[in-house]
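Report on one structure; see the data block that follows.
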Amino acid sequence: MLTTLKKYRYQYWPDTAVGELLKKPWMDTAVPVVALMLTVAFFSWQLSGFFSISTVSDNLQQASELGFIVLGMTLVLIVGGIDLSVGSTYAICNVLVLYLIHVEQMPVLPAVGITLLCGALLGAINGILIGYLGLRAFLTTLVTLIVFRSLFDMLQFQWAVGIATHTTDSEAWYYLGTGYFLSIPMAAWAFAAIAIATHIYLTRMRGGWHVMAVGGSRRSAYNAGLPVKRVVASSYVVSGVLASMSGIFYGARIDSSSADTGSGMAIIVLAAALVGGIRLGGGKGSVTKAVLGTVIVFLITSSLSSMATTAGVSRIVLAVIFLLFTTLDIRWFKNRGKAVQELYVTPGYLDLPKAPSTAAESPYAVNDKLHDIELIGLGRVESPEDVILDDDDNLYCGTRHGNIMRFLAPDYQQMEVYAHVGGQPLGMAFDPDGYLYVCIGGMGLYRVTPERKVEKVTDETNRSLFSIADDSRLRLADDLDIAPDGRIFFSEATVRYEMHEWQIDSLESRGNGRIICYDPHTNQTRTVVKNLVFPNGICLGSEGQSILFAESWACRISRYWFDGPQKGRVEPVISSLPGYPDNINRASDGNYWIALMGMRGPAFDLSMRKPAFRRRMSKRLAQDEWLSPNINVGCVVKCNDQGEILEALWDRSGVNHPMITSMREHRGYLYLGGISNNRIGRYKLEKADPNFMQHPRRRGKPHA
Amino acid sequence: MNTTASLLPKEKTAAKIIKLDQQTIVFLIFIIIFIAFSIFLPGFLNTGNLVNILRSISVLGMLGLGMAVVVIGRGIDLSMVAILAVPTALTMTLASTGVDLGLALIAGVALAIAFGLLNGLLTAYAEVPALLTTLATGLGLAGIGQSGILQFDVVPWPDQLNPIEWIGGTTLFGIPSSVISFAVVAIAVSVFLKRTKLGLFIYAIGDNPNAARTTGMPVRPVMVLQYLIAALIAVFAGLVMASSSAVMDTRIYNLSLIYNVVLVVVLGGVGLSGGRGGVWNVIVGTLLVGTILNGMTILNFSYDAQNLVKGVILLMAIAIDSVLNPRNEETAQQGDI
Amino acid sequence: MTNILSSFRKKWRSIATTAVVSTLAMSSVVQAAQLSMNDPERDAYYSSFSGKSVVFVPVFMGLDLTEGWNKMMEMQSKALGYKYQVRNANFNTQAGTRILTSLIHQNPKPDVIVVHNPDVTSYARLEKQAEKEGIFVIQLNMKSTIMTSGFVGGDAVQIGKLQAESVVNHCGPKTSGKVLILTGPTTSPWSVYMEKGYQEVLSKHPNIKVVARQSTGNYDSSKAKSITQVVLQQHPDLCGVMGVWDVTDQGTVAAIKDAGKKGKVFVSTSGGGGTLACKLIEDGSVDNYVSYDVPGQGRDLDDLISASLQAKARGEKPDFHKTALYTPLHELTKESIKKHPCWSVDTMRY
């Protein structure tokens, strides 16, 4: 009873949700989002009419004006600089545009153009000094702040009275400042457009990636040949242009110049960026954060004054809130990684049936048949997870360097790189036209054409409806086989871990894996079976309507009917193996070869029934001290369609093939691969069909 | 490899002779400008004017010294102007309402210490960036100054404080006492930084906080201490300033004074990345700014034009340094702004 | 006359703090004395204030001018029972425009906004908009380019004239005739209107040389001090300074004192005539002071607020009456302050 409860608790309670939620990239922005919600909640409670259309559109307009500058500052901060001169640039552009419109009576378009140019020019001064001459950003913009400010003071002194005494009747100018489109002010439209464009640029375009790269690691970016100087310089130019844009909108709204325009602005802008969660030092930041920071800071400042708090109290509240929010954000940033590390691993409950005996009288009886066998490529291959042979008897295997190697028949002495695929090749299969399909860990399903060209077949499947983590990408495509109609069935061992983290997945031993079908006719990839415990080997059934698949940590073999009367059903073939099954392949007598990469032990089996224990272990111990399945000794077994074990092959010495992940029967020989081996074994089979091969090539017309 | 080599004493001196670092460049520029002004500007090179220069920079210089202590320890203190203004104004307000002089002083200094501690604790223990911490505490302190502890934003020097007027409002042998106060603070800070264990700790922490922690230095307490020192210097500078102008305008917080303070410190060659520079650098930076301003005054430049020219000259000084000592992309420190 | 009025008001405040109680009290008096009769205006007068709200948007608080006006407005609001609020721009024009914008858009809107203009144009557009929305806008001391329902304040042109005349009188042909003019923010009313006053006088006196005319930013005393120091070094024979405001000119007189020129440079300034004025005049730092009498302005302001609220109760539109009340100016000297001591916030009465 209790066990059943425990089983259901671990099956249905969403333990993984916390870790997966924390791992989401957007959780990075959690603190500013919560801060914004708190801010809005508090002030909408305190201030009546907080959500009235006029208040909202009025807030939008003014927040947008601030937002332009914060966005510019954000870009500069991301690149790893700082721009303290924004307030002065803003002020100069503000007075300039007013002068052009009022005194020079210029039409709006050229006046705005000249002003933007002026902003770009002022930004370029910073950009050239900091980007190209390599000056320190803080000091330089501090000085340009003073220089631009005194320039502004002189211009304002000259022009202010003129601006005040001349009026303009330009409709366009009036519209820019006080016009609405769909009851949203023009400044807000402009800001939204620029913010979205910047977001796309930063996250989706090459230039934006350069910006992030330069900020993230200037040195690496430089060594990678990125135009570091140009990127740095242009960030200041953009900052200048955005500051001038803000100055224009403010000018159009108020239509007058004042002597204190933009003084102390750098501080508010910087505060907005920091409250939004953008960090000094570069590489960390996004448009979303800039917008959040802007809105928070603006709402707080404007709402406090609407609540008629005195200037002193407003300042104190503002200071406390800045400190509070940024401290929280910094703590969050620091501790999220740790929390993910602690909370991500969530072991499941797995009640394994008793392990069958490997004693002398059992079908699994240990022998030494694999001891004296022929070795191919000794010391020349690393990690041949799977091996396969073609019509001409050439032998193929993957290596951990991202290559598919080919040993040429008949003596397998000569080795060459057949194709460079770029990731660790796992399961392999030939289609009737000689295309070699490969599951590549971390990349997906690829194929190598007979002309040795590497092509991507698929690297994503349909996303599960209620999954928190995006499981559409293939993380660990493991083994495959090809159905008679050309559909390719392949396993993905786990959606929660990378290939090198297989050990953590074994500790979880929950249904993290799935079987996926790629249909070449529709070019669609669909998940067909879900929640499998590390599905590994896949082999087409002898009747051509089902596949056999191995679930490594569950130590069982099942059959999935993809065609025929039982279509869609999954049924057990072997419910308990003495070890962890890996690849499955066909034998010449219509049976199946199964590789066991390691043997079960009672301690690990027991721990599978104690998820809380494993969770404690994962939290309290270093990863290299965790329990791990034994993969030191394995074997190859042969079974029939009913799951009866017919034969077992062992290497008792533990020298040549202690750990086996795959085997392939080909023309009377069994070829052995192992992911931790540096060799391929060749074992002469008695009584085997000397002409058998698993994936014979089709005679006749070639593949479309 | 270069850095380890240059730490050897012999090579260090050799490198010093050849290498023009920022301090040397700024000092050379100062000398050139000083000589040029002495030759071409009548009325520049006389005792009265030189004293004038010193007097005009004494408060800025003192703030610079406090800032330098923090910057050497790889921090920055933007709350110094607020600490200069509000606690001083509090002391003056209390004294004018008849509170005992000693008590009034203690109240002001205690307020300054409280904010110095707050800065230190937030940066050292909560690990909030110094830029933001001190920005916020400065704002908060300015807010406190505006929320009732002072009667007005501008506080005149009360007669009750005349017993301490000598710190900035009088003259000694023809030298304004504010200049003497500056000199005393400079010597004190210099002794502290170069001759005491804690001072050397600040250099070590600024140079590499992690290494300093590994060697067993009390990194966090020392960081708190540096903000405390800055706060104390700021409130002292505030009293000097108030006694010399007979008024404390707390609205000085709204101005760009803090930028000038950072400027003289960094301009003199106290690197913002910490561990470099000293009192001499601050004095050089302050002298350059003071001399330029004084020369332009004699040249009859307007106030705004002076700021403009000052800025351009400073920009040139930084640019020359950058051209002579270009930033190396290979060794540049990440996040060093 | 003023005394009678003020004692009347004082009595009112002492009788009762709420209108209800006072009405009851009065009615019982009426019943007791049959000869008296009900004033037909009274009820309408008092009811016109209920539920009304007035907002004061100063450029700054924490200095004697605004604190004085604020005290006067606050006292009247308590006496007459309407809501009164201060929203401080705190020397930030952008914050000020934000406050005005939100006042115009908020719901319920205030009935009267008393606005202190930082310069002649920044708020002009918003003031016009506020009146269009039915809010009475009363401008205080610093007037924008447009006229709204009301204006209370010193006549800046006249102040400029008075200051200039006193400096001209002092800096006769025997002196250098060099004068420094300190202004507020470039386009502040004090700068542009006072300048007009200065020019009217100075244009008639060619012997006066204006050696510098500079802005002190936001009436910043340390900037005033720096400017004065610079000018004193350039022109050690400076004859006079025309300052913009007593608070700012504390810096000016400090620079003069620092340079050892106290008493040698003639300082003329203006302000609200608070205790600071008396202190500066008494210790000889300021030689000529034009006061625009904050308590008097406070009374004018209260009256205009009262008139606006009554007009609103009658259903009149804001631009129906446009009333400007230029404050009578007093020149304070060492002698005159003995007879009329300077005010402070504590001595103000309603």
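Read the figures in this text as sums done on the coordinates, not as results from a lab. All of these numbers come straight from a predicted model, not from anything done at the bench. Ideal geometry is used to build each Cβ from the backbone, glycine not excepted, and the neighbour counts take in all protein chains shown.
Extending 7 Å from Cα along the Cβ direction at A:Met205 and again at A:Val454 yields two label points whose distance is 3.1 nm. Dividing the summed helix terms, -39500 (n - 2.57) for each DSSP H run of n ≥ 4, by the number of residues in the protein assembly as shown produces a 222 nm estimate of -16000 deg cm²/dmol to the nearest 500. Cα centroid separation, the range A:21-71 to the range C:38-80: 35 Å. Can you give me the C-alpha center-to-center distance between the range C:91-166 and the range A:429-488, rounded to a whole angstrom? That distance is 73 Å.
By DSSP, the beta bridges lying fully in the protein assembly as shown are antiparallel in about 70 percent of cases. Counting Cβ atoms of other protein chains within 10 Å of each Cβ in C:113-121 and taking the mean gives 3. For A:Glu385, the amide hydrogen comes within under 5 Å of the amide hydrogens of A:Gly398, counting only partners 5 or more places away or on other chains and with H modelled in the peptide plane.
Computed 3J(HN,Hα) for the range A:338-351, one whole-Hz value per residue from the Karplus formula 6.51 cos²θ - 1.76 cosθ + 1.60 where θ = phi - 60°, is 4, 4, 4, 4, 7, 9, 5, 6, 10, x, x, 9, 9, 9, glycine and proline marked x. Averaging 1/r over each pair of different alpha-carbon atoms in chain A and inverting the result gives 29.7 Å, the Kirkwood hydrodynamic radius.
Step through the table entries A:Lys338/A:Lys619; A:Lys354/A:Lys610; A:Lys24/A:Lys334; C:Lys143/C:Lys196; C:Lys143/C:Lys223; C:Lys143/C:Lys209, compare each Cα-Cα distance with 18 Å, and write down the pairs that go over it. As for pairs spanning more than 18 Å Cα to Cα, those are C:Lys143/C:Lys223; C:Lys143/C:Lys209.
Report the net charge of residues surrounding C:Ala224, where surrounding means a beta-carbon distance below 10 angstrom and charges are Lys +1, Arg +1, Asp -1, Glu -1. Please list the in-between numbers first.
Values: positive: C:Lys223, C:Lys225; negative: B:Asp249, C:Asp220, C:Asp249.
Result for the neighbourhood of C:Ala224: -1.
Evaluating 6.51 cos²θ - 1.76 cosθ + 1.60 at θ = phi - 60° for every residue in the range A:569-575, the Karplus couplings come out as 8, 10, 9, x, 10, 10, 8 Hz, glycine and proline recorded as x.
For the range C:154-217, the set of trypsin sites (Lys or Arg not before Pro) satisfying both a DSSP loop assignment and a count of at most 14 other C-beta atoms within 10 Å is given as C:Lys174, C:Lys204.
Under a 5 Å amide H cut-off, with hydrogens placed 1.01 Å from N, C:Lys209 pairs with C:Lys178, C:Val179 among residues at least 5 apart or on other chains.
Comparing C:Met75, C:Met194, C:Met37 in a Gaussian network model of chain C where C-alpha atoms under 10 Å apart are linked, the largest mean-square fluctuation is found at C:Met37. Note on B:Lys310: aspartates and glutamates with a C-alpha under 15 Å away, same-chain residues under 8 apart excluded, are A:Asp153.
Loop exposure criterion: GluC sites (Glu not before Pro), DSSP state outside H, G, I, E and B, at most 14 other Cβ atoms within 10 Å. Applied to chain A, the longest stretch between such sites is A:105-360.
Taking amide H positions as modeled 1.01 Å from N, with prolines and chain starts lacking one, the residues under 5 Å from C:Met61 and 5 or more places away or on another chain are C:Asn90. Look at the dipole of the range B:52-323 built from charges on Cβ: of B:Met316, B:Ala124, B:Phe201, the Cα furthest out on the positive end belongs to B:Phe201. With respect to chain C, whose longest principal axis is taken over its alpha-carbon atoms, helix C:294-313 is tilted by about 40°. Pick from B:Leu131, B:Leu228, B:Leu60: which residue has the top mean-square fluctuation in a GNM of chain B where Cα pairs under 10 Å get a spring? Top of the fluctuation ranking is B:Leu131. Looking at chain C alone, DSSP beta bridges between its own residues are antiparallel in about 10 percent of cases. Give me D for the range C:156-291 in µm² s⁻¹, whole number, from Stokes-Einstein with Rh from the Kirkwood sum over alpha-carbon pairs, 20 °C and 1.002 mPa s. Roughly 151 µm²/s, to the nearest whole number.
Structure remark: mean-square fluctuation, Gaussian network model of chain C, C-alpha springs under 10 Å; the largest value among C:Gly51, C:Gly298, C:Gly177 belongs to C:Gly51.
Computed from backbone phi with θ = phi - 60° and the Karplus coefficients 6.51, -1.76 and 1.60, the 3J(HN,Hα) list for the range C:49-60 is 9, 6, x, 7, 9, 10, 10, 9, 10, x, 6, 7 Hz; x is used for glycine and proline.
Annotation note: trypsin sites (Lys or Arg not before Pro) in the range A:605-653 located in DSSP loop regions with a Cβ neighbour count of at most 16 within 10 Å are A:Arg609, A:Arg652. Applying both filters, DSSP loop and at most 16 other Cβ atoms within 10 Å, to the trypsin sites (Lys or Arg not before Pro) of the range B:260-331 gives B:Arg327. Peptide A:248-256 has a mean of 4 when you count, residue by residue, the C-beta atoms of other protein chains within 10 Å of its C-beta. Using the structure shown, select from C:Lys132/C:Lys317; C:Lys204/C:Lys257; C:Lys128/C:Lys322; A:Lys369/A:Lys687 the pairs with a Cα to Cα distance greater than 19 angstrom. Among C:Lys132/C:Lys317; C:Lys204/C:Lys257; C:Lys128/C:Lys322; A:Lys369/A:Lys687, the Cα-Cα distance tops 19 Å for C:Lys204/C:Lys257.
Based on the Kirkwood radius over alpha-carbon pairs, what is the Stokes-Einstein translational diffusion coefficient of the protein assembly as shown at 10 °C with 1.306 mPa s viscosity, in µm²/s? Could you put the intermediate results ahead of the total?
On the way: Rh = 36.9 Å.
D = 43 µm²/s.
Remark: the protein assembly as shown carries a charge dipole of roughly 1760 debye about the Cα centre, counting +1 on each Lys and Arg Cβ and -1 on each Asp and Glu Cβ.
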